[in-house]
Amino acid sequence: MRQSPSRYASRIHPLSFVAIVSAAVLTECNGAFAHGIGGQDAAFVAGTRGPDLVPFMYLGAKHMVTGYDHLLFIFGVIFFLYRLHDVILYVTLFSIGHSITLLTGVLLHIDVNAYLVDAVIGLSVAYKAFDNLGGFKSVFGVQPDTRAAVAIFGLIHGFGLATKLQALRLNSNGLVPNMIGFNIGVELGQFIALAGMLVVMLLWRRTASFERSSVEANALILMAGFVLMEYQLTAYYFGMKA
């Protein structure tokens, strides 16, 4: 299912995920928050009274396609998956995980610190890149169950989605259908992003540069994951000190 890289040279193909990784790193270094729901979207949510399925589907899709931490993780998951049924399996595990905690987190009012959740999401990005680099086997002599890891991190990503919604003034009238609509939108956004990633990967894998650049690409994803994690932990620390 997953092939580990062996020996590669030095140059990263322009079709790699470097642009998104670099944008994530620069954004976090400049202190911007990761894909929160704000502006007119936040005002709409605050003003919603009753079921409004379609707009919440749109918000869910928008949140996913602009959520670069989620996208980085998914990209890492599919990086060395060459068979479609493997892609479907892993993405389904991730989707089930984040759907469970998104819905239960909001509907059951499970209070989780958003900074700590997002720090673990950053760790999940670094974890998957480290796994893609063969780090667990070469450093620790073990290979964790990748399916279990994706499912567990899916639960964490779902809490990340839930905290963004919990930060808004959600009205209890129509909350259940609206959250279901938001979750459906998240899945649609994930499908759109995944389709684009698969096209890029298909084209990239056909080039001679793929094997030479996959190590560097995953190293950048690893770095981005740690930057995301460090930023969130720093924000949590200073928030506690305030």
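Laboratory data are not the source of any read-out in this text; all were calculated from the coordinates shown. Just so we're clear, the structure is a prediction, and the values are computed from it rather than from any experiment. Because the Cβ atoms are built from the backbone with ideal geometry, glycine has one as well, and the counts that use them run over all protein chains shown.
Packing-based ranking of 102-112, 219-229, 46-56, 182-192 yields 219-229, 182-192, 102-112, 46-56, ordered from highest to lowest mean Cβ neighbour count within 10 Å. Please work out the FRET efficiency for the pair Val142 and Arg49, using the Cβ-Cβ distance as r and a Förster radius of 41 Å; give the result to the nearest 0.05. It comes to 0.20. What number, in percent, do you get for the relative contact order of segment 52-241 if the mean sequence gap of Cα pairs under 8 Å and at least 6 apart is divided by its residue count? Answer for segment 52-241 is 44 percent. Compared with the direct C-alpha span, the chain from Asn173 to Ala208 gains 7.0 nm at full extension, assuming 0.36 nm per residue.
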